[in-house]
Amino acid sequence: MKASKVQRVPVTAAPLRQQVASNLRTAIIDGRFQPGERLKESELCAWTGVSRTAVREALRQLEAEGIVDNIPNQGPVVARVSPDEARQHYEVRAMLEGLTARTAAEKISEGQIKDLQKLKRELDRAFKSGSIAKVLACKNELDEFLMSVSSNSVIKGFVSVIRARLSYLRPIVLAQPERLKENAVEVHGIIDAIMARKPQAAWQAAVNHVNMGAKATLKVLEQLEAAAAHQAALDAEAALRAKRPRGRPRRDAMPDNPVGRVTA
């Protein structure tokens, strides 16, 4: 049996559908499933320890959120994102994360400022290491912390859906030249404004960070789409060549006959 990509669902009072959907969403955000990858019910049942009914309900919920696509003759797969969809997601995300940062700056306590200082040091070490995996792990921890400080469960729900749809692009974008350094500067700006309890500065820093991420992501998406279109054209040409009869030239490929056919 394959190693589990999804955590088992504990027996709690919350509906199984919500627990399974949450576990799947987290697995997609963490990159354990890739865009276009099939989500097989049998494997999900084995990994989560719940029934097919609960898994199907969870998949329908994620489909409604746009995280999963249901492909005819294939079944549920992790959704891909077009450049236009990504642009719209980032526009909404900028407002939500700006509001989160502003609210955190208004509500943060002295004890939480100390916790944030510790998170900032961890982020600095991650950025200096150059490890994209460490940076993403620390940024996820920072995001959860700021959501907790702002205490807005509605924003958290919307942001988690948007992040799930765009999560597979984050390591690709951070691998772009200079983007890791820019990211460090932008995140420092958000943290410093929150610790200084400057709501408007925190808002602006968070919105700027998301907009810069959007610019880098759209550039990557356009490159990926161009490469996919080129590969599709090559595949179509190869398929046409494979269908042509071997040993006989195509009629439209025959050269003009300079002599003329000889008839009996």
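The C-alpha atoms of the chain define a longest principal axis, and helix 153-166 lies at about 30 degrees to it.
Spin-label model, Lys134 to Leu224: label points 7 Å out along the Cα-to-beta-carbon direction sit 2.6 nm apart. For Arg125, Arg93, the ranking by accessible surface with the largest value first comes to Arg125, Arg93, using a 1.4 Å probe. Karplus-derived 3J(HN,Hα) values for region 143-149, using 6.51 cos²θ - 1.76 cosθ + 1.60 with θ = phi - 60°, are 4, 5, 5, 5, 4, 5, 5 Hz; glycine and proline are entered as x. What aspartates and glutamates sit close enough to Lys107 to cross-link, taking a C-alpha to C-alpha distance under 17 Å and skipping anything fewer than 8 places away on the same chain? Reachable aspartates and glutamates: Glu97, Asp115, Asp143, Glu144, Asp192. For the set Phe145, Phe158, the ranking by accessible area, highest first and with no ligand, DNA or RNA atoms included, is Phe158, Phe145 under a 1.4 Å probe. A cut-off of 5 Å between modelled amide H atoms, ignoring neighbours fewer than 5 places along the same chain, links Leu39 with Val77, Val78.
Across region 107-123, computed HN-Hα scalar couplings (Karplus, 6.51 cos²θ - 1.76 cosθ + 1.60, θ = phi - 60°) run 9, 4, 9, 4, x, 5, 5, 5, 5, 5, 4, 5, 4, 5, 5, 5, 5 Hz from first to last residue, x flagging Gly and Pro.
Roughly how many debye, to the nearest 20, is the charge dipole of the chain about its Cα centre, given +1 on each Lys and Arg Cβ, -1 on each Asp and Glu Cβ, and no other charges?
Values: 42 positive and 30 negative charges, 168 e Å.
Charge dipole of the chain: 800 debye, to the nearest 20.
Here the gap between Glu106 and Glu43, fully extended at 0.36 nm per residue and compared with their Cα-Cα distance, gives a gain of 18.2 nm. Given the choices (1) 208; (2) 132; (3) 115, volume of the Cα convex hull per residue in Å³ derived from the coordinates of this structure is entry (1). Using only Cα atoms and rounding to the nearest 10 degrees, what angle (0 to 90) does helix 199-243 make with the longest principal axis of the chain? Tilt of helix 199-243: around 20 degrees. In this structure, the residue pairs whose Cα-Cα separation is over 20 Å, taken from Lys5/Lys128; Lys114/Lys181; Lys114/Lys198; Lys156/Lys215; Lys181/Lys219; Lys128/Lys181, are Lys5/Lys128; Lys114/Lys181; Lys156/Lys215. Against the chain, whose longest principal axis comes from its Cα atoms, helix 179-195 is set at around 30 degrees.
The values are calculated or read from the model by the stated rules, or taken from the named source; none is laboratory data. Because the structure is predicted, anything quoted here is derived from the model rather than measured. When we count neighbours, we look across all protein chains shown, and the Cβ atoms used for this are built from the backbone with ideal geometry, even at glycine. Calculation scope for accessible area: heavy atoms of the full protein, side chains included, ligands and nucleic acids excluded. Shrake-Rupley method; radii C 1.70, N 1.55, O 1.52, S 1.80 Å.
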